[in-house]
1. Go ahead and run the numbers for FRET between residue 33 and residue 10, Cβ-Cβ distance against an R0 of 25 Å, rounding to 0.05.
2. Using the count of nearby Cβ atoms within 10 Å as a rough guide to exposure, how do 11, 22 rank from fewest to most?
3. Under the 0.36 nm per residue contour assumption, what length would be gained going from the current alpha-carbon distance of residue 136 and residue 61 to full extension?
4. Using r as the Cβ-Cβ distance of residue 144 and residue 82, and R0 as 30 Å, what FRET efficiency do you calculate, to the nearest 0.05?
5. Residue separation times 0.36 nm, minus the C-alpha to C-alpha distance between residue 114 and residue 53: what's the value?
6. How large is the direction-averaged shadow of the alpha-carbon convex hull of the stretch 26-96, in nm²?
7. Determine, for 71, 60, 37, 143, the number of other Cβ atoms within 10 Å of each Cβ, and report the residues in order from fewest to most.
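Read-outs throughout are calculated quantities, based only on the coordinates presented, and are distinct from any laboratory measurement. These figures come from a predicted structure and were not determined experimentally. When we count neighbours, we look across all protein chains shown, and the Cβ atoms used for this are built from the backbone with ideal geometry, even at glycine.
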């Protein structure tokens, strides 16, 4: 069994989340590159929320291009995919508005080493409740988080 599939304390699981309005490819690419340089390809798992636009889309693109393990927190009503972060039995559920993002928050806070959030000009409307929850949980658990502002 390879070291990528075993539970290893050296593996850093980084939640790299961002605004859906982020189009700054250089900022996202450089952030993924710096994380790769800091932890190495073999010791890094980058995850995002399941957005097909903005920062999450770019994080997926650059993580895969740079050979970094990538996972996404897709909603439970969607099928399990190659990149799904939660166990396979969590998926293909009946859609319910209360389960859309609520089930993801505790899973993210319990399974990430730290989070990085990229925001455009302090605009965090889409992720505000998720971000607030994660910041509170990370502070409570004494985990680290970083907020990056895209000023372009």
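1. Values: r = 20 Å, r/R0 = 0.79.
After rounding to 0.05, the efficiency reads 0.80.
2. Starting with the residue having the fewest Cβ neighbours, the order is 11, 22.
3. Between residue 136 and residue 61, full extension yields 24.1 nm more.
4. Rounded to the nearest 0.05, the efficiency is 0.60.
5. Between residue 114 and residue 53, full extension yields an extra 19.7 nm.
6. Computing the convex hull of the Cα atoms and averaging its projections yields 5.0 nm².
7. Ranking 71, 60, 37, 143 by Cβ neighbours within 10 Å, fewest first, gives 37, 143, 71, 60.
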